[in-house]
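Heads up, the thing below is written out as structure tokens.
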Amino acid sequence: MAQSQLARPHARKRGACENIVLDPIREFQVTQPIRVLLAKVGLDGHDRGVKVVARTLRDAGMDVIYTGLHRTPEEVVHAAIQEDVDILGVSLLSGAHMTICPRILNFLKDKGAEDIITVVGGVMPDEDVVALKKLGVREILLQDTPPKQIVETLTQLVAERGPR
């Protein structure tokens, strides 16, 4: 084992999300790891999927914070601001997305944190997907979205936003 690995056993491997140029026309590069906060809001206790997503994003080189189960919209927004994340990902399987997402978006606006990209994952009807996007959710990643596409989508959203 190399000496540098012995001195820093906790050092994170650099992932695919650093130093990426998605579009050669754009001058913006993702030079820092993308910071993502993943949250389970409300009474939804199903967390296997969000844990798989968290690991996928981490393995792709992103910094991932998982808030755990049963958080309030206020807690999630506060954590996202405190952690200075690029993306707030909300996983919902309870059917409460049309109640919870507007509250999260309103709290982000009230706190002046609208530059945090909000994405939602889970199970929801097509008409709700359209309604959530109109409210300001940047992307909806349904239960059948492949892990590679999740990584690509989040990377693209940060590149499109540019530096904060």
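The values are calculated or read from the model by the stated rules, or taken from the named source; none is laboratory data. Computed from a predicted model, the values in this text were never measured in an experiment. Positions of Cβ are backbone-derived with ideal geometry, glycine not excepted, and every protein chain shown enters the neighbour counts.
Just one of Ala96, Ala159 is farther than 18 Å from Leu37 by Cβ, surrounded by fewer than 20 Cβ atoms within 10 Å (Cβ to Cβ) and modelled with pLDDT under 95; which is it? Matching residue, one of Ala96, Ala159: Ala96.
So which residues in region 31-53 are closer than 24 Å to Arg161 by Cα, surrounded by fewer than 20 Cβ atoms within 10 Å (Cβ to Cβ) and either at pLDDT 95 or above or in contact with a His (Cβ under 7 Å, 6 or more places away or on another chain) (or both), if there are any at all? Within region 31-53, Pro33, Arg35 qualify. In the set (1) within 15 Å of Val36 (Cα to Cα); (2) in contact with a strand residue (DSSP E or B) (Cβ under 9 Å, 6 or more places away or on another chain); (3) of a type in the set (D, E, K, R); (4) exposed (fewer than 14 other Cβ atoms within 10 Å of the Cβ), Lys133 fails one condition alone, (1).
Restricting attention to region 54-93 and to residues that are in contact with an Asp or Glu (Cβ under 7 Å, 6 or more places away or on another chain) and within 16 Å of Leu141 (Cβ to Cβ), the residue that is modelled with the highest pLDDT turns out to be Leu92. Scanning region 57-78 finds one or more residues that are in contact (Cβ under 8 Å) with a residue 60 or more places away in the chain and more than 10 Å from the chain's Cα centre (by Cα).
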